[in-house]
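See structure below.
The values are calculated or read from the model by the stated rules, or taken from the named source; none is laboratory data. Keep in mind it's a predicted model, so treat the numbers as computed, not measured. All Cβ positions, even for glycine, are placed from backbone atoms using ideal geometry, and neighbour counts span all protein chains on display.
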Amino acid sequence: MSTAKVPAKIKVANACPRCGNEMERISKRAIDKIINILVPVRRFKCYGCLWEGNRMSSENG
Ligand SMILES: [Zn+2]
């Protein structure tokens, strides 16, 4: 367990929580669609460190 240091100024909207790279939005899985009913999330993948996961979305849709 290590607390990764968040890179200083992140300009990109969808920045990777691990390395700060810009992430690519990928298609949701079935479980994500269910989660999305409760919480507006979007699934992203980072091509820098290969982190993949859901991020909260402030937008609708
Ligand atoms: Zn990353």
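Of everything in region 17-61, what is in a loop (DSSP other than H, G, I, E, B) and either touching a residue at least 40 places away in the same chain (Cβ under 8 Å) or near the ligand (Cβ under 10 Å from one of its atoms) (or both)? Give them in sequence order. If the condition is that a residue be in a loop (DSSP other than H, G, I, E, B) and either touching a residue at least 40 places away in the same chain (Cβ under 8 Å) or near the ligand (Cβ under 10 Å from one of its atoms) (or both), then PRO17, ARG18, CYS19, GLY20, ASN21, TYR47, GLY48, CYS49, LEU50, TRP51 are the ones that fit.
When ASP32 is tested against (1) on the phi < 0 side of the Ramachandran plot; (2) modelled with pLDDT of 90 or more, just one condition goes unmet, and that condition is (2). Across region 1-16, the number of residues qualifying as in a loop (DSSP other than H, G, I, E, B) and modelled with pLDDT of 70 or more comes to 6. Within region 20-41, the set of residues being surrounded by 15 or more Cβ atoms within 10 Å (Cβ to Cβ) and within 22 Å of ALA4 (Cα to Cα) comprises GLY20, ASN21, GLU22, MET23.
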